[in-house]
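These notes are about the structure you will find just below.
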Amino acid sequence: MLFLMTFFLSLIAIAADFIHFWRSRRRYVPRRKALIAWAAATDALPIVSSIVSALSPDNGTGLMYLYMWLFWGWIVTVLPRLAFYVFNFVHLRRTGYVVAAGLTLFFLWGATWGRTSIRVNRVEIASDRIPEAFDGYRFVQITDTHVGTLVHPDREVTRLAESINALRPDAVFFTGDLVNIRAEELDTRMLTLLRQIEGPVWSVTGNHDVGTYIKDSVRFPAAVQAREVVARQRSIGWRVLEDTTVYLRRGADSISLTGISFDPSLRDRRHDRDLPAPGLQRAYAGVPDSLYNITLVHLPQLWEQIVATGYGDLTLAGHVHAMQFKIRPWGRGWSPAAWIYEHWSGRYDTGRHVLYINDGTGYVAYPMRLGAWPEITLFTLKRCE
């Protein structure tokens, strides 16, 4: 969807530039040729990205970084210009300048403060299925760090770890997309940074963790990359759940924790609303349904299938990022993600089952978050009779 939106907006921008400069051709405009060259150059940024991508034999971290910044450069230059053209067309030229300047500042804010300012959302989960020993159990959910595209990895991961540690949770649950493209993003430096997160960490894989976006699949086979991402997490003590269930114990009581791995066959269907979930039966095999169950999964679209199994009292998911754009004057707010996903951010309830979608802390496509703040979610379990 993002590609199609960019394609159509690019066509609109090129047409709008042509119309604007054609209409003003008989009017004196200072530095007219420079303005035309600037408009043409910024309109061409998506084309440049496409050409570089077509000519490159691989899509390493450096190239993904380049694509991300080229796209952001297009957003911050072309979209404010289009807004100006709209107001200028109805003879509100000064208003157009103000709106364009406001949009530019908004995008700059999103690429700085909006991208890095972590928000802690506190969620209480009440259920009569929660055993007495787990009354007051506190855990953190984080997701979608995409470490390969972080602008300042040292600062951003350290800030994330310090924010988590300050909450003193009993556990940390990570719901996928630790890397952006390949396992090499988890180098020695990054693993040292991630090791700062204190306490037991359980994780599952997301669509970016399984190597299916690597262009040079001969040198970097997807299956090998997926195994390496898991191995590197385990090397720092993270417990990766691959379609399996473990049991968390406090005193004489237990709850079950299930992790659903991302299925590489779903790569091209990752935005579909209805997805197959062949790994569920294996993940829940032999798990007593009398136990309160927490399920970690990357794709929120699998929630209905999880609920149908009778498990997933609480399902934690990521993936959506709220498309890194959220308008929130009330409640859940609104995001373009609502056009694609039935469940896209925050909490959803059906009967005794709860789904929570964390907006993530990293970013893809463009290094910017507008209203969809980097999120840490602190959950507290409450037993109710």
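The values are calculated or read from the model by the stated rules, or taken from the named source; none is laboratory data. From a predicted model like this one, the values you see are computed outputs, not experimental measurements. Glycine gets a Cβ as well: all are built from the backbone with ideal geometry, and neighbour counts include every protein chain shown.
Restricting 295, 361 to those that are in contact with a helix residue (DSSP H, G or I) (Cβ under 7 Å, 6 or more places away or on another chain) and more than 16 Å from residue 119 (Cα to Cα) reduces the list to 295.
Out of the stretch 99-125, which residues are over 21 Å from residue 321 (Cα atoms) and either of a type in the set (Lys, Arg) or loosely packed, with under 13 Cβ neighbours inside 10 Å (or both)? Once the filter is applied, which keeps residues that are over 21 Å from residue 321 (Cα atoms) and either of a type in the set (Lys, Arg) or loosely packed, with under 13 Cβ neighbours inside 10 Å (or both), the stretch 99-125 yields 102, 105, 124.
Tallying residues that are part of a helix (DSSP H, G or I), over 30 Å from residue 271 (Cβ atoms) and either aliphatic (A, V, I, L, M) or in contact with a Pro (Cβ under 9 Å, 6 or more places away or on another chain) (or both) within the stretch 2-30 yields 1. Only one entry of 229, 204, 147 meets the criterion of being of a type in the set (A, V, I, L, M, F, W, C), under 14 Å from residue 261 (Cβ atoms) and touching a residue at least 60 places away in the same chain (Cβ under 8 Å), and that entry is 204. Selection of helices (runs of 4 or more DSSP H) fully inside the stretch 198-310 by the criterion of at least 3 residues being over 18 Å from the mean Cα position of the chain (by Cα) and farther than 27 Å from residue 352 by Cβ returns 222-235. Is one or more of the residues making up the stretch 298-306 in contact with a Gly (Cβ under 9 Å, 6 or more places away or on another chain), of a type in the set (D, E, K, R) and either at pLDDT 95 or above or in the same structural domain as residue 202 (by TED's automatic domain parsing) (or both)? No. Counting only strands (runs of 3 or more DSSP E) wholly contained in the stretch 327-385, the ones carrying 3 or more residues that are farther than 30 Å from residue 46 by Cα and of a type in the set (A, V, I, L, M) occupy 353-357, 375-383. Of the residues in the stretch 270-285, at least one is farther than 16 Å from residue 205 by Cα and surrounded by 21 or more Cβ atoms within 10 Å (Cβ to Cβ). So, residue 150, is that one outside the structural domain of residue 375 (by TED's automatic domain parsing) and either touching a Leu at 6+ places or on another chain (Cβ under 6 Å) or surrounded by 15 or more Cβ atoms within 10 Å (Cβ to Cβ) (or both) or not? When the stated conditions are applied, residue 150 does not pass them.
Here residue 177 meets the list (1) more than 22 Å from residue 377 (Cα to Cα); (2) in contact with an Asp or Glu (Cβ under 7 Å, 6 or more places away or on another chain) almost entirely, failing just condition (1). Here residue 148 clears all of (1) outside any loop (DSSP other than H, G, I, E, B); (2) within 27 Å of residue 354 (Cβ to Cβ) except the condition numbered (2).
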